[in-house]
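Asker: My questions will all concern the structure given below.
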Amino acid sequence: MNRYRIARHLKSKMDDWVSHVKDERIRSLIQHNAIVTGGALVSLLAGEEPHDYDIYFKTKESCMEVARYYAKLWNESGEAERTVTVEDKEGRITCFIEAKDAVAEDKEEVREPDTKKKKAKKPYRPRYFTTNAISLSDKIQLIIRFYGSVEEIHKNYDFVHCTCSYDYLTDSVNLPSAALEAIINKELVYVGSKYPLCSIIRTRKFLSRGYHINAGQYLKMAYQLNELDLHDFEVLKDQLVGVDSAYFNAFIDEMRKMKEDHPDMEMDTGYFIRAVDRIFSGGIEHE
């Protein structure tokens, strides 16, 4: 697709989503602040149907209010086993997933329950919450971990081919030349990220899609990774939350339980390796 067809496709998708938002103020916040960026534009450039649409917001207020709108829908659905609240924690918007009773533990994620009841499902309903994102049905994913201008959002991105974007308010598509060159050549070019561990793991997904990467890009990621203290559980967890894999979620849960049961215990290499082998030995994880 060219930029005009991409814009038409994305506007149609966004209009359809917004038409199902019942709150007029939330509709306005989305219309004025939503940005689509990431893999959806890469797929559209190739003439392929996007797997999902990653939505970011220009302001903290719009991000917070849209997230709270969908948390409220979730909590009022009558099907949720866990409630979700959206809070500003140390300057960062976060979904807190809470148990409805005192027995169950709080979690980092919660999904729409499977049901055999045959009833109509509402379009664009909340289906999956993590601390950093809200997944709606119909391929919409709200990223609440970051917000701001396109330039600010892309400071948290890792590979240049993912930096094309669409501004819903102006109905405009931005296709940076460096991104287009990387897409045409199917080349992974690392531009730096706050989450190098996540980036290293993410290369697997792109390699499976026919992209290639030179050793220098891994060197850049390793150099940035060396600046982090992965023995610190909070740092390790922060580096892994962007990896879409149940195996990593299980690993984080195990590490948390270990820290809770043994607060003075330091996570050494031996324990780390054994925990990884135990969790990942069940098969090859799919992202």
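Asker: Among the residues in the stretch 203-219, are any outside any helix (DSSP H, G or I), open to solvent by 70 Å² or more (accessible area, probe 1.4 Å) and closer than 26 Å to residue 93 by Cα?
Answerer: For the stretch 203-219, residues outside any helix (DSSP H, G or I), open to solvent by 70 Å² or more (accessible area, probe 1.4 Å) and closer than 26 Å to residue 93 by Cα: absent.
Yes/no matrix, rows are residues, columns are (1) farther than 29 Å from residue 11 by Cβ; (2) of a type in the set (A, V, I, L, M); (3) at pLDDT 95 or above:
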| site | (1), (2), (3) |
| --- | --- |
| 170 | no, no, yes |
| 187 | yes, no, yes |
| 196 | yes, no, no |
| 209 | no, no, no |
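Asker: For the stretch 162-180, how many residues meet the condition of being touching a His at 6+ places or on another chain (Cβ under 7 Å) and open to solvent by 50 Å² or more (accessible area, probe 1.4 Å)?
Answerer: Counting residues in the stretch 162-180 that are touching a His at 6+ places or on another chain (Cβ under 7 Å) and open to solvent by 50 Å² or more (accessible area, probe 1.4 Å) gives 1.
Asker: Tell me the residue from 61, 87, 81, 65 that is open to solvent by 50 Å² or more (accessible area, probe 1.4 Å), under 19 Å from residue 145 (Cα atoms) and in contact (Cβ under 8 Å) with a residue 12 or more places away in the chain, please.
Answerer: 61
Asker: Can you name the residue in the stretch 32-90 that is of a type in the set (Asp, Glu) and over 20 Å from the mean Cα position of the chain (by Cα) and is also modelled with the lowest pLDDT among such residues?
Answerer: Going through the qualifying residues, I end up with 79.
Asker: Got a sec? Which of 228, 169 is in contact with a helix residue (DSSP H, G or I) (Cβ under 6 Å, 6 or more places away or on another chain) and without any contact (Cβ under 8 Å) to a residue 60 or more places away in the chain?
Answerer: Just one listed residue meets the conditions, 228.
Asker: Of all the residues that make up the stretch 1-15, how many are open to solvent by 80 Å² or more (accessible area, probe 1.4 Å) and outside any helix (DSSP H, G or I)?
Answerer: Going through the stretch 1-15 one residue at a time, the tally reaches 1.
Asker: Here is a further query. Kindly establish whether residue 138 is at pLDDT 95 or above, more than 14 Å from the chain's Cα centre (by Cα) and not small (Gly, Ala, Ser).
Answerer: yes
Asker: Still on this structure: Is there any pair with a first residue in the stretch 146-165 that is at negative phi and a second that is among the aromatic types (Phe, Trp, Tyr) and part of a loop (DSSP other than H, G, I, E, B) whose Cβ atoms are under 7 Å apart and which are 6 or more apart or on different chains, and what are they?
Answerer: 153/146; 156/146; 163/157
Asker: Based on what the data block shows, is residue 36 under 13 Å from residue 142 (Cβ atoms) and part of a loop (DSSP other than H, G, I, E, B)?
Answerer: no
Asker: Could you tell me which residue of the stretch 260-273 is surrounded by the most Cβ atoms within 10 Å (Cβ to Cβ), considering only residues that are modelled with pLDDT of 75 or more and under 28 Å from the mean Cα position of the chain (by Cα)?
Answerer: Per the stated criteria, the residue is 272.
Asker: Restricting attention to the stretch 18-33, which residues are open to solvent by less than 10 Å² (accessible area, probe 1.4 Å) and part of a helix (DSSP H, G or I)?
Answerer: 18, 26, 30
Asker: If you take the residues in the stretch 104-125 that are assigned to a loop (DSSP other than H, G, I, E, B) and closer than 18 Å to residue 256 by Cα, which one is modelled with the highest pLDDT?
Answerer: It comes out as 108.
The values are calculated or read from the model by the stated rules, or taken from the named source; none is laboratory data. This is a predicted model, so every value here is computed, not measured. Every residue, glycine among them, receives a Cβ derived from its backbone with ideal geometry; neighbour counts consider all protein chains shown. What goes into the accessible areas is simple: the full protein's heavy atoms, side chains included, and nothing from ligands, DNA or RNA. Shrake-Rupley method; radii C 1.70, N 1.55, O 1.52, S 1.80 Å.
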